Structure formats: C-alpha cells, structure tokens
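Nothing in this text is a laboratory measurement; each read-out follows from the coordinates by a stated rule. If you're wondering where the values come from, they're calculated on a predicted model, not measured in any experiment. Cβ sites come from the backbone with ideal geometry, for glycine too, and all protein chains shown count toward neighbours.
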Amino acid sequence: MTGNENNLYEHVLLGTYAEKIFYFCLKKTGSSHEAEDLTSDILLNAVAALKKGVVPKHFSGWVWRIARNRYSAWADKKHRRAQLETDLGEQEPADESADPERALIHGDELRLLRQELAFISADYRDILLAYYMRGRKLRDIARTLGVPEGTVTSRLYRARKTLKEGMRMAREFGKRSYDPETISFIASGGQPSGLPWTAVERKIPVNILCAAHNNPCTVRELALELGIAAPYMEEEVELLLRAELLKKVEGGKVLTGFFIIPRECQDEISELVCAFTERRAGELWDLAGKALREAEALGVTAGDYDGQDAQMFFAFYLEQLLEMSRFTKGINTKFRRADGGSWGIIGFEQGASCRLPKSFFNNNGSEWDGMSWLGYQAMPGDPVFHERRYRQDAPAALLTLRSVAEGAGPEHFSEADRENLRALTADGFCATDDTGRPYVNALVFRGDMEARLQEALKALPDYARLSEAMGRLTDEAKDIVARYSNPYLKDDFEYYVMMSLTGLRSTLSRRLKDASLYPSSGAQFCAFRY
C-alpha cells in the first residue's frame with residue numbers, strides 16, 4: 001500500500017467509522033466510559049494494521065470484523081473478572097441502580113478483592129492478573145513462566161483460595177503503616193559505594209529493617225506491616241537484599257542481617273557503663289597523667305596543648321585502647337561486601353533513657369600510607385579532620401602535615417602545599433610560632449613512638465587493673481547483648497557487642513569533666529602519627 005492510500009484509509013476510518021463504532025460499543029457495553037475505551041482499542045488496532053501494509057479488499061467488512069473481534073476479547077476479559085468474583089463467592093447484582101444497598105455491598109467486596117490482590121504473593125498475583133484481568137490462556141501463561149500448564153492450573157486454584165480466605169479476614173495494617181520508627185545508625189569500615197548509608201536514608205527501608213529484625217518475615221507480612229502493596233514492597237526488599245542489609249532465610253522469608261539494639265538493651269548497657277564510669281573515672285585520669293609523662297620522655301610534641309589538654313587526650317586515647325583490646329584485631333573491618341567495602345553497621349532504637357554525660361564524644365580521622373590523624377572532639381560542631389575538605393583530599397593534607405612536622409617552612413613548599421597549609425591553619429590543625437614558622441597543632445608521634453608508649457603503659461600496674469575491670473565490663477555487656485540478639489548473628493556477635501559499647505564510647509573520659517577533674521572547656525584533642 002502506498003503512503004497516499006494509507007492516509008486515505010485512515011481518514012475514512014477516523015472520519016466515517018469512528019462515530020458508528022462508538023455507538024456499536026455503547027450498545028454492547030452499556031457504559032459510555034467503557035464504550036470510549038473499547039472504541040479507542042478498535043481504532044488503534046485498525047490503524048496499526050494499515051500502517052503494517054494491510055490492504056483490505058472490502059474496507060467496511062474489514063473494519064467491522066476488527067470491531068467484533070476486539071469486542072469479543074473485551075467481553076471475554078470481563079467474563080473472566082466476573083468469574084473470579086463468582087469463584088470467590090460473590091454474586092454480580094442484576095441491576096445495581098435499582099438496588100443501591102446491594103451496589104454498595106458489591107463495591108465493598110470489589111475493594112476487598114483489590115486489597116487482597118495488592119498483598120498476595122507475586123507467584124499467585126501474576127497468574128491471577130494474567131488469566132482474569134488480561135485474558136491470557138493457561139498454556140500461554142505456562143509458556144511465559146516456563147512451567148507445565150498443570151502447575152499454572154494448580155497455582156490458579158490455590159491463588160483463588162488464598163484470595164477468598166483473605167477477603168473473609170479482618171485484615172489490619174501494622175503500627176508502622178501510620179507510626180514509622182526512627183533508627184540511628186553507626187557504621188564502620190570502608191564504604192566506597194556509599195553503602196550502607198544510601199540504603200537507610202528513607203523511612204520505608206528503615207522500617208522494613210525494623211519489622212524484620214529478629215523476626216523473619218514474608219514480603220506479604222512486611223507489606224501489611226507497613227501498609228504498602230506487595231509489588232512495591234517486593235522492589236524495596238530486593239534493594240535491601242542487594243545492599244546486604246536483609247538476608248534470605250528458610251521458608252522464603254527475609255531477616256535483617258545486622259543488629260538493631262533495642263532501647264531496653266541500650267538502657268541496660270547504659271546503666272552498666274554508668275556504674276563503671278562513676279567508679280573508675282579517677283583511675284583513668286591518673287593513668288592519663290602517667291601516659292603524658294611517658295610521652296614527653298619519648299619526645300612526643302604537643303602543639304599548643306597545655307598539660308591538662310594533653311592529659312585529656314590521653315584519657316580518650318587510653319579508653320579506646322582499653323576498650324579495643326577486648327576484641328579481635330581488625331574487627332571494625334571484618335566484613336567483605338559485594339560493593340568492595342568492608343563495612344559493618346548497627347542500629348539504635350530511639351527512646352533509650354541514657355543518663356550518661358554528653359560533654360564529649362570522639363571521632364576518628366584519616367589514614368593513608370603510614371600516616372594518620374586521630375581526632376577526639378569536645379563538642380558537636382567542632383572541626384573534624386575527615387568531615388571537612390580533607391575527606392577527599394586527605395592524602396595531600398597528610399603529606400603537608402608530615403612536611404610541617406619534620407620542620408619544613410613555607411619556602412620549601414609547593415603552591416599546592418601552601419594552599420593545604422592555609423586551609424589546615426584556618427581550621428586549627430596547624431598553627432605558627434612567633435617567627436612565623438608552622439607547626440602541627442596536635443600531639444605528634446614519630447616512627448615507633450606510639451608502639452613504645454603503649455608498651456610502657458601496658459607494663460604499669462594501674463593499666464593492668466583498669467584493663468581487668470574493662471574486661472569484666474565487656475563480659476557483662478556480652479551477656480546483655482546475647483539476650484536481645486538472635487542466633488543468625490552468632491558469627492558476628494563480638495562485632496555487635498563492640499558496636500553496642502561504641503554507641504557509648506568515651507563515657508569514662510566524659511565523666512572527667514562532670515567530676516571536675518578536667519575543668520577546661522577543651523576543643524579538639526588530636527594526634528598526628530607518621
């Protein structure tokens with residue numbers, strides 16, 4: 001067919017037959033809305049055939065044959081939908097307009113049917129939609145799914161039965177459908193792809209993880225708990241599985257793959273740590289003073305730190321050393337993730353009634369090629385080395401710090417080094433003396449100084465006593481966490497105990513301020529190691 005003939009036929013079809021086809025459809029369907037949809041379907045099929053090059057010998061008969069075929073397909077689909085309702089024990093009202101009460105009941109039943117379709121499992125839902133709503137034959141569905149036709153038939157029977165049972169139940173959404181939980185997280189290790197943080201930025205995934213924590217769930221159960229239709233829940237679950245935050249368990253269920261520490265567990269650990277800090281803060285302060293004297297003897301420099309600030313740094317330092325000595329080396333980076341990372345994660349339920357002081361908290365810095373910056377912050381909002389511009393440019397900044405620590409002056413620096421120095425000075429990580437010479441404004445450990453310092457500290461009776469007490473604290477924390485975790489976490493149990501305590505990290509050194517052992521307001525307690 002030429003392009004001109006094609007255009008002529010389309011013009012005749014749309015100009016002469018469109019209205020006639022509409023009235024044909026209206027008579028057949030009894031509904032103007034359905035007639036409009038069916039008319040569009042007929043015209044689109046006819047136009048598509050013409051564009052493919054079909055040349056009808058008798059145009060009028062060809063058009064009406066298409067109209068009757070499309071009507072038959074429409075009627076078959078409608079019959080299947082009615083059959084589904086009948087199979088589920090529902091009766092189609094003969095004349096809803098004559099019986100408003102019956103029409104209302106029927107409408108409620110249809111809403112129930114649609115609700116159940118939204119929450120039925122994908123295996124059943126796909127077959128129901130294909131057979132009843134899309135009018136596909138059983139053998140075609142079987143071919144698409146790659147299963148025997150008998151399997152499709154049996155699944156269709158079970159799907160109808162499941163739908164019917166669901167419609168008879170008083171289905172209720174879970175509490176999280178209207179009152180989502182808020183969880184805070186702590187992560188450790190390398191995170192090259194942005195996981196796990198990018199996966200827990202929204203309420204839906206967070207509440208899926210809450211619902212499936214210590215509680216294996218099907219997608220249907222999660223859908224009902226959050227009030228989200230199953231097709232959308234399936235996608236959310238798949239994303240969390242790929243992120244390695246959910247894992248599959250027996251029975252086709254999913255379980256949160258990490259520990260979310262309940263508020264009751266947090267409270268128990270908080271009280272345990274509180275009692276420990278009240279008894280041991282003075283011992284830590286005295287030991288920190290001895291650590292400072294040992295460091296000075298080794299030649300560790302301290303920037304602008306006065307004696308008390310440097311002693312406070314060692315209080316933080318010793319607390320971390322004592323805490324981490326109770327756990328396997330490298331526990332922070334023990335995981336091997338599909339995204340190339342080594343991250344682990346723990347969640348904290350909101351609402352814990354922790355009565356620990358909030359004066360201080362700590363934060364690690366950056367590490368590269370044998371150099372590292374360790375920073376302990378006194379108050380939220382103070383500069384942190386790795387959370388400022390140095391996150392991306394840490395290697396260059398660390399190289400500049402090393403040059404400064406070795407006594408290099410600005411005259412020896414490249415333009416890039418001078419720019420780094422300006423930034424480091426503006427943020428307080430470097431300073432200049434009276435002669436204008438820069439220095440690292442932190443404790444500086446060179447070579448094996450830190451290893452020798454640790455060796456000297458561990459030989460002190462005071463350190464041994466505090467270490468033994470910290471060991472008892474850790475053992476008691478393990479007993480608490482064990483009561484709230486599940487067997488699936490056994491391989492990583494030690495990690496979650498450590499991270500449960502990490503949420504309360506530096507509580508012992510925080511107590512020093514409340515006890516007036518450290519009267520200064522402080523700033524940021526830092527060390528540079530190379």
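Remarks
- Likely footprinting exposure, Ser403, Ser516, Ser32, fewest C-beta neighbours within 10 Å first: Ser516, Ser32, Ser403
- Over the range 175-257, relative contact order from alpha-carbon pairs under 8 Å, at least 6 apart, %: 33 percent
- Kirkwood estimate for the range 175-257, i.e. one over the average of 1/r between Cα atoms, Å: 12.9 Å
- Hydrodynamic radius of the range 445-489 per Kirkwood, over alpha carbon pairs, in Å: 13.1 Å
- The range 397-530 - percent relative contact order, Cα under 8 Å, separation 6 or more: 28 percent
- As a rough footprinting exposure proxy, the listed residues His79, His58 were ranked by other beta carbons within 10 Å of their own, and the order from fewest upward is His58, His79.
- The range 174-251: chymotrypsin sites (Phe, Trp or Tyr not before Pro) falling in loop per DSSP and having at most 15 other Cβ within 10 Å: Tyr178
- Structure note, pairs Lys175/Lys203; Lys175/Lys248; Lys27/Lys78; Lys27/Lys137: Cα-Cα distances above 20 angstrom occur for Lys175/Lys248; Lys27/Lys137.
- Checking every one of the GluC sites (Glu not before Pro) in the range 194-279 against DSSP loop status and a limit of 10 other Cβ atoms within 10 Å picks out Glu201.
- Likely footprinting exposure, Arg125, Arg446, fewest C-beta neighbours within 10 Å first: Arg446, Arg125
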